[in-house]
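> Got a structure for you, questions after.
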Amino acid sequence: MRSLFLILFVLFPLSAAAVSQESPLNIRFEIRANGLRFGELSVDMSQAPTGYSVAVTANAQGLAGLLLRAHYHGNSLGVTDESGTMTATGFSASSKRIFKHRNAQVTFTDGRPVSVVMDPFKDRTELSDPKLVNIPVLDPLSFLALMVFHKTDGCPVARDLYDGRRQTRVSFSESKSESGDTLCTGFYEIVKGPDHSIIDGVRRFGIVLTFTHEAASARLVNIHVAAGGYYLLLNVIAPQK
């Protein structure tokens, strides 16, 4: 469960057209791991005509919080072009759990990483050399914000992600539930770089996004992530404002 809690923050990039033009935006989730309350996640986004910023915070709570002392805080910055497409310029993240603390910073130019700082240094991987990432990528927090504030019909387009340690890809296909909700069913895949700690050997994670429709606008209801016999369910407890 600890691994899935941390993996959550590297899963997510969509298309900027899916983001509301309101500023600021915020949303809050309850996190459940295998049916048990595990913590909360909040996403805040501010937008300007040519740029944006995202802040994400998550905390383990209850017994999980006592045992793991897990906490995550991250920020990303970027620019938008005339079509509304978002391109990251900077990403930073700090994660803490019992006996482990990591800080990461990635700088991007034209959608490609140009520098990576990792503390402690031993947490660097081969992919921490940005020259080995030879395609445009988006940071995970920009993608998460684009996903949770998605409003249009259809599902997020496939995108490539980079967090300073590994290169990943997320893709979805669309279906409808019996209630008429839109289901975006897809996968998060590790393309290059190491497996996530603890869930060794698992390089593909199932994801299901559920969107309901209100007044011709889509609204995220929950996110389901499954891997290695565990699952996370993120239920919206404070809808987008």
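Bear in mind that the values in this text are calculations on the coordinates, not laboratory data. Only a predicted model underlies this, so the values are computations on that prediction, with no experimental measurement involved. Don't worry about glycine lacking a Cβ; one is built from the backbone with ideal geometry, like all the others, and counts go over all protein chains shown.
> Apply the Karplus curve 6.51 cos²θ - 1.76 cosθ + 1.60, θ = phi - 60°, to the phi angles in region 229-236 and return the couplings in whole Hz, x for Gly and Pro.
x, 10, 8, 10, 10, 9, 9, 5
> Same structure again: Once phi is turned into θ = phi - 60°, what whole-Hz ³J(HN,Hα) does the Karplus curve with 6.51, -1.76 and 1.60 give for every residue of region 37-52, x standing for Gly and Pro?
4, 10, x, 9, 10, 10, 10, 10, 9, 10, 10, 10, x, 10, x, 7
> Along the charge dipole of the chain, which of ASN235, ALA33, VAL191 sits closest to the positive end, that is, farthest toward it, with unit charges on the beta carbon of Lys, Arg, Asp and Glu (+1, +1, -1, -1)?
The Cα lying farthest towards the positive end belongs to ALA33.
> Let me ask another. Determine the dipole magnitude for region 2-238: charges of +1 sit on the beta-carbon of Lys and Arg, -1 on that of Asp and Glu, nothing else is charged, the reference point is the Cα centre, and the result goes in debye to the nearest 20.
880
> Non-local amide H neighbours of ALA158 (under 5 Å, H modeled in plane, Pro and chain starts lacking H): which ones?
PHE172
> Does region 79-132 classify as rounded, prolate or oblate by the C-alpha gyration tensor (a ≥ b ≥ c root eigenvalues; a/c under 1.5 gives rounded; else a/b over b/c gives prolate, otherwise oblate)?
It is oblate, given that a/c is not under 1.5 and a/b is not larger than b/c.
> If the reach is capped at under 22 angstrom between alpha carbons, list the lysines near LYS176, excluding any in the same chain fewer than eight residues apart.
Cross-link targets: LYS151.
> Still on this structure: Which far-off residues, 5 or more places away or on another chain, put their amide H under 5 Å from the one on GLY39, with H placed in the peptide plane?
HN-HN under 5 Å from GLY39: ILE31, GLN61.
> Report the gain in length on full extension from SER83 to ALA48: 0.36 nm times residue separation, minus Cα-Cα distance, nm rounded to one decimal.
Answer, rounded to one decimal: 11.2 nm.
> While we're on this one: May I ask you to list the lysines whose Cα is less than 29 Å away from that of LYS122, ignoring any residue fewer than eight positions away on the same chain?
Leaving aside lysines fewer than 8 places away in the same chain, those within reach of LYS122 are LYS96, LYS100, LYS131, LYS192.
> Between region 178-223 and region 67-114, what's the alpha-carbon centroid distance in Å?
20
> Now a separate question. If I model a spin label at ASP129 and VAL191 as a point 7 Å from the Cα along the Cα→Cβ vector, what separation in nanometres do I get?
About 1.9 nm, to one decimal.
> If each of VAL221 and SER179 carries a label point 7 Å out from its Cα toward its Cβ, how far apart are those two points in nm?
0.3
> Here's another thing I want to ask about it. What are the equivalent ellipsoid semi-axes of the chain, built from the alpha-carbon gyration tensor (square roots of five times its eigenvalues), in whole angstrom, biggest first?
Each semi-axis is the square root of five times an eigenvalue, giving 25, 23, 17 Å.
> Still on this structure, I have one more. I'd like to compare 115-122, 44-51: which one has the highest average count of other Cβ atoms within 10 Å, and what's the full order after that?
Highest-to-lowest ranking by the protection proxy: 44-51, 115-122.
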